[in-house]
Amino acid sequence: MTRVADLAALTEDLERHLGDPHDPNSPASFATILDLDEREQYPHVLLDHLRAWRCHEFGVPVSAGGRGVATQDSIAFGTAIARRDATAATALSITMLAYLPIWVGGTDEQKKRYGRAVCNGAKVSWGLSEREHGSDLLGNQMTARRAEGGYVVDGEKWLIGNATLADYIVLFVRTEDRGGPAGFTILVLDKRSTPAHHITALPDEQLHGLRGIDMSGVRLTRCFIPESARIGAEGQGLEIALKSSHPVRVMITGIALGCADTALRLTLDFTTHRRIFGREVVDVPYSRRKLVECFADQLLCDVLANCAARGLQASPDQSSVWSSVAKFLIPTVLDRTVSALAVVLGARHYLRAHPRYGAFQKAKRDLLVANFADGNTVVNLKNVALQLHNLLKPAEADIARASVVFDWDAELPPIRPWAAQTVSRTGDDALLTLPHALDLLRHRGWDKCVRLGELFAGEIEKMREECASLRETRGRRYGDSAELFVLAERYCVVHAAACCLAHRAMSTWIGEPLVGPEPLLLCLQRLWHLLHPLDTVIDESDVDAGAAVMLRLYRENRSFGYRQFALAKSSEPGGEPR
Ligand SMILES: Cc1cc2nc3c(=O)[nH]c(=O)nc-3n(C[C@H](O)[C@H](O)[C@H](O)COP(=O)(O)OP(=O)(O)OC[C@H]3O[C@@H](n4cnc5c(N)ncnc54)[C@H](O)[C@@H]3O)c2cc1C
């Protein structure tokens, strides 16, 4: 879906399909989900229910028999599912992310063959990581040797989602003894047509969160994989893996968004009912401010995720920037958000058996997966750091291209994940569009937002100078210096602020209660505080305006985002705190 109304209709239909989260008899109730989590059980029934809605088909392109047309759709659905159960959202998205190397590098026939299997309900897992090598992909040791008609594969993949349950495993294997960037290849193992004695499942790992997920690994011993299951050319594995990682990283942010939305909603259930010192907690000024800050975090992360998703399609040349910034910043911010909500919720957030507080804890634990799954936080930061010097260079903005990213109702070009580039050659449309966005907002009279926007523009100048000086003083140690990574952190914050400003300047379809400048101002304030924690940039009236927006979305049971999807009806709105 490209248009806001189409995506809203579909997401709201999915919500209805999931049913009332507080009715224990509904298909995706918190009670059932918590019970499964407590017993570390895989959510088979919920996943079947999602497949009945044909959710999994969005991971396969239309040309290969699926329904996938835009990464932003996957974020919307991933968020909706993770709002109930991040375990189910992750289990489902593992198949989608495992199909991506096929989407990037496969022939049309392969895309259709494996696409049909996915649409028929097959589980696929992405066998990239190895125990000894972690983020160092070029160190990977699973080896494929040429044999008649294909390859013989030996080695282990570990910490692989769905590895034991999967029907297919997409493998990143070494095909050149000396390794190197051209020494790896992608092969698809069809477990159901391979003699079982060649495949050993590794033990299921007990996890901190996502307790019901299948998180294990696989050992292959003299396992034959036919040539027809090779994706791309021999030696193209690293390129395909890196290009696949861009949409995957953006999609994963939906899981963090869903968890944080639930945490905020459950905290509001409590704070709008619980009275202390003669008033509801939500009316205690400090608690109110904290809630509004958390709401702003959710809003800005939703903007960043969706701009990144649209950026992948509108400017695939910059996909390394869109995906890395989103994957670094969103889980980092929302982890902090949910911790802040736990303080507002107080002692009750520690009660495990309560359907609301238990669900809060689960969301808090599960959210963390977005930090490390498919490229950990530091790896993403490094992707930004290593191209920082070029990203900070002044350049001409392409406003037509940028408006496709920032006006969420604009028609998107088709997904072409193979067009992704590992390094941007055209800069960063978010930063380049900032002056234009500020002009539009100035014209609209949103002075406070413009003033803050100008401060962010000033940060770009400062970072440019600091980056140049770091290159000069550090010489060959520049790329590895901690200072460069800190600079990259600041860059990610400024990129997010630029997205918030440009999105709000160029998206004209936004409706009440988000139509005014206050939500944008609050987002910018949250981002500014990441750079300058002690600056005062908003006043009490801004907080009150933000609280009014947040409470209206909450009371009308709509999602905490500019598209404000209607959520499933709740038989027990608010609910009484115990
Ligand atoms: C729940 C879960 C699901 C997963 N699902 C899958 C899956 O389906 N398929 C799959 O293949 N893998 C999967 N993994 C593995 C995951 O993708 C990890 O990225 C991988 O194991 C490497 O972990 P790591 O980066 O923490 O470890 P390491 O590479 O050992 O890194 C350790 C630490 O070193 C630092 N570091 C790492 N790289 C750099 C760098 N380039 N520059 C600077 N510092 C660095 C970071 O601080 C990092 O935390 C999953 C893991 C978990 C926990």
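The values are calculated or read from the model by the stated rules, or taken from the named source; none is laboratory data. None of these values were measured; they are calculated from a predicted model. Quick reminder, even Gly has a Cβ in these numbers, built from the backbone with ideal geometry, and neighbours come from all protein chains shown. In case anyone asks, the SASA skips ligands and DNA or RNA and just uses the protein heavy atoms, side chains included. Shrake-Rupley method; radii C 1.70, N 1.55, O 1.52, S 1.80 Å.
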Q. Can you tell me which residues in the range 150-172 are under 28 Å from Thr90 (Cα atoms) and touching a helix residue (DSSP H, G or I) at 6+ places or on another chain (Cβ under 7 Å)?
A. Gly161, Asn162, Ala166, Asp167, Tyr168, Ile169, Val170, Phe172
**Q.** Residues satisfying the stated conditions in the range 370-396, i.e. open to solvent by 40 Å² or more (accessible area, probe 1.4 Å) and either more than 8 Å from the ligand (Cβ to nearest atom) or part of a helix (DSSP H, G or I) (or both)
**A.** Phe372, Val378, Val379, Lys382, Asn383, Leu386, His389, Asn390, Lys393, Pro394, Ala395, Glu396
Q: Go through the residues of the range 228-245 one by one and say whether even a single one is of a type in the set (Val, Ile, Thr) and assigned to a strand (DSSP E or B).
A: yes
Q) Scanning for something out of contact with any strand residue (DSSP E or B) (no Cβ under 9 Å at 6 or more places or on another chain), assigned to a loop (DSSP other than H, G, I, E, B) and crowded, with 24+ Cβ neighbours inside 10 Å, does the range 111-130 turn up at least one residue? A) no
Q.
Residues that are open to solvent by less than 10 Å² (accessible area, probe 1.4 Å), more than 16 Å from Lys157 (Cβ to Cβ) and outside the structural domain of Val333 (by TED's automatic domain parsing): does the range 180-187 have at least one?
A. yes
Q.
Among the residues that make up the range 140-158, is at least one of them open to solvent by 10 Å² or more (accessible area, probe 1.4 Å), within 16 Å of the ligand (Cβ to nearest atom), at pLDDT 95 or above and within 26 Å of the chain's Cα centre (by Cα)?
A. yes
**Q.** Residue match in the range 19-35 (condition: assigned to a helix (DSSP H, G or I), out of contact with any Phe, Trp or Tyr (no Cβ under 9 Å at 6 or more places or on another chain) and buried (at least 22 other Cβ atoms within 10 Å of the Cβ))
**A.** yes
Q: Could you grab me the full set of residues in the range 139-153 that are of a type outside the set (S, T, N, Q), outside any loop (DSSP other than H, G, I, E, B) and free of Cβ contacts under 8 Å to residues at least 60 places away in the same chain?
A: Gly139, Arg145, Arg146
Q) Which one of the conditions (1) within 15 Å of the ligand (Cβ to nearest atom); (2) touching a helix residue (DSSP H, G or I) at 6+ places or on another chain (Cβ under 6 Å) does Cys223 fail to meet, given that it meets all the rest? A) (1)
(Q) Pairs please, first residue from the range 419-439 and under 14 Å from Gln318 (Cα atoms) and open to solvent by less than 10 Å² (accessible area, probe 1.4 Å), second anywhere and of a type in the set (Lys, Arg) and in a helix (DSSP H, G or I), Cβ atoms under 9 Å, 6+ apart in sequence or on different chains. (A) Ala420/Lys243; Asp429/Arg401
